[in-house]
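FYI, it's all coordinate maths here, none of it is from the lab. All figures in this text were calculated on a predicted structure; none of them were measured in a lab. Because the Cβ atoms are built from the backbone with ideal geometry, glycine has one as well, and the counts that use them run over all protein chains shown.
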Amino acid sequence: MSRTALLAMDFQVAHLNRMPGDYLPLATRALDRARASDIPVIHVALRLRADHVDVHPRNKMFGALPPQAYTSADPVTAIHPDVAPRGSEIVVHKNRVSAFAGNNLHQILINDVYPRRGEITTVDDWVKVPTV
């Protein structure tokens with residue numbers, strides 16, 4: 001049995017509009033393969049609070065965004081329909097560049113994925129999660 005989880009990160013309309021043409025089909029294929037192999041899929045998407053109260057004004061990346069950008073009311077913040085969550089797949093909303101800061105992704109991996117699988121796979125590398 002595979003001991004991995006696929007983190008589907010930043011597959012939002014706004015981000016995918018800037019990616020090469022083959023990116024979305026490759027992402028769709030990766031999601032299809034993970035789902036067919038019963039590998040847990042966790043979606044991570046940037047979502048800021050209204051008026052960006054969760055962003056420091058000096059934040060170089062998010063501080064200059066218009067106040068409605070990347071909020072729940074912003075349509076381009078939605079996860080692209082071709083790679084949207086299915087069934088009980090978890091969606092974690094982040095408000096930082098890192099998916100591991102300012103949200104509960106780490107706890108989900110430790111409490112949900114790790115006890116069932118043992119290791120977490122990201123695109124970049126393998127991360128061995130310590131037991132709790």
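Worth pointing out:
- Karplus-derived HN-Hα couplings along the range 94-103 (A = 6.51, B = -1.76, C = 1.60, θ = phi - 60°), whole Hz, x at Gly and Pro: 10, 10, 9, 5, 6, 6, 9, 10, x, 8
- Sequence of K60, K94 once ranked by neighbouring C-beta atoms within 10 Å, starting from the fewest: K60, K94
- Estimated distance in nm for a label pair at L26 and A78, the labels positioned 7 Å out from Cα along Cα-to-Cβ: 2.6
- Between the range 93-109 and the range 1-58, the Cα center-to-center distance that results, in Å: 13
- Ranking of M61, M9 by neighbouring Cβ atoms within 10 Å, starting from the fewest: M61, M9.
- The calculated FRET efficiency for A36 paired with V91, based on their beta-carbon distance and R0 = 25 Å, is about 0.75.
- The range 6-128 - charge dipole about Cα centre, Lys and Arg +1 at Cβ, Asp and Glu -1, debye rounded to 20: 200
- Each of F100, F62, F11 was scored by other Cβ atoms within 10 Å of its Cβ. Listed from fewest to most, they are F100, F62, F11.
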